[in-house]
1. What are the ³J(HN,Hα) couplings of the stretch 73-83, residue after residue, when phi is run through the Karplus curve with 6.51, -1.76, 1.60 and θ = phi - 60°? Round to Hz, x for glycine and proline.
2. So, taking all protein chains as they sit and a 1.4 Å probe, how much accessible area belongs to Val67, in Å² rounded to tens?
3. Note the full-extension length gain between Thr144 and Arg64 as 0.36 nm times their separation in residues minus their Cα-Cα distance, in nm to one decimal.
4. Which of the residue pairs Lys61/Lys176; Lys73/Lys176; Lys72/Lys175; Lys33/Lys125; Lys72/Lys176 have a Cα-Cα distance greater than 32 Å in the structure shown?
5. Determine how large the accessible area of Leu53 is when every protein chain is in place; take a 1.4 Å probe and give Å² rounded to the nearest 10.
6. So for the stretch 127-167, taking the charge dipole from beta-carbon charges (+1 Lys/Arg, -1 Asp/Glu), which of Met145, Ser156, Tyr131 sits furthest toward the positive end?
7. Could you run the Karplus curve 6.51 cos²θ - 1.76 cosθ + 1.60 with θ = phi - 60° over the stretch 63-69 and give me ³J(HN,Hα) per residue in whole Hz, x for Gly and Pro?
8. Given points 7 Å out from each Cα along the Cα-Cβ axis, report the Ala174 to Glu86 separation in nanometres with one decimal.
Amino acid sequence: MGSPEPATDPAGPPRPRDSGANPKGQLDHYCQKNRIPLPQYTTEFAQDEVGYLVSVSIGDKVYRSSVPQLKKKMAESEAAAQALLELEGRGGGDGREERPQGVDGTSSASQGRAVPVTPAPPSYKNILQEYTQRSKLATPHYETMLSDEGFRSTVSLTDRSGKPWTFSSDGQQAKKTAEQQAAQRACSELKLV
């Protein structure tokens, strides 16, 4: 004999609400559940503020991310979270900045406090890469070596006149950190940050 089969619900098992880490998935689920058109995302790069802003259209309504993000995915999540707040009647005129759910999966409204949006630290490699693309320059070239002092990285750029620029990091424990530090020095010298 086998173990008894679990009882099944004709509507299917209840779907657990996604955590706050996936507002796009929550928004898709909300739209499907309420039989409204699926969201359409439009991305633009805000050059003045060095980041992406996203608008999400659902039917004839448009919701927009409020803070430029360094990554498109983060900006899309921000716009989806804003749309969810409005659609579920928790956003708008009261000035609260709540998310549909907190990182731990509990509702921020049930906790009685707003969940602030914390911008990610800047990725200097991304900022430098985007600068070279916008300026139609060759992409930055990173060379990283391991020495007794740790990883040392040098980033090389060439300006429009063909003049080479190089920026180096100090010794770092990780290759990624060394490359970020070299890129940060380049961004500072080029006045990108």
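1. Each residue of the stretch 73-83 in turn: 4, 5, 5, 5, 5, 4, 5, 5, 5, 5, 4 Hz.
2. Number for this one is 60 Å².
3. Contour length minus the Cα-Cα distance gives 24.8 nm.
4. From the list (Lys61/Lys176; Lys73/Lys176; Lys72/Lys175; Lys33/Lys125; Lys72/Lys176), the Cα-Cα distance tops 32 Å for Lys61/Lys176; Lys33/Lys125.
5. Probe radius 1.4 Å; accessible area of Leu53 about 20 Å².
6. After comparing all options, I get Tyr131.
7. 10, 10, 5, 9, 10, x, 10
8. So the label points at Ala174 and Glu86 sit 3.7 nm apart.
The values are calculated or read from the model by the stated rules, or taken from the named source; none is laboratory data. Since the structure is predicted, the reported quantities are computational estimates derived from the model, not experimental observations. Using ideal geometry, Cβ is built from the backbone for each residue, glycine included, and neighbour counts are taken over all protein chains shown. Just the protein is used for accessible areas: all its heavy atoms, side chains included, with ligands, DNA and RNA removed. Shrake-Rupley method; radii C 1.70, N 1.55, O 1.52, S 1.80 Å.
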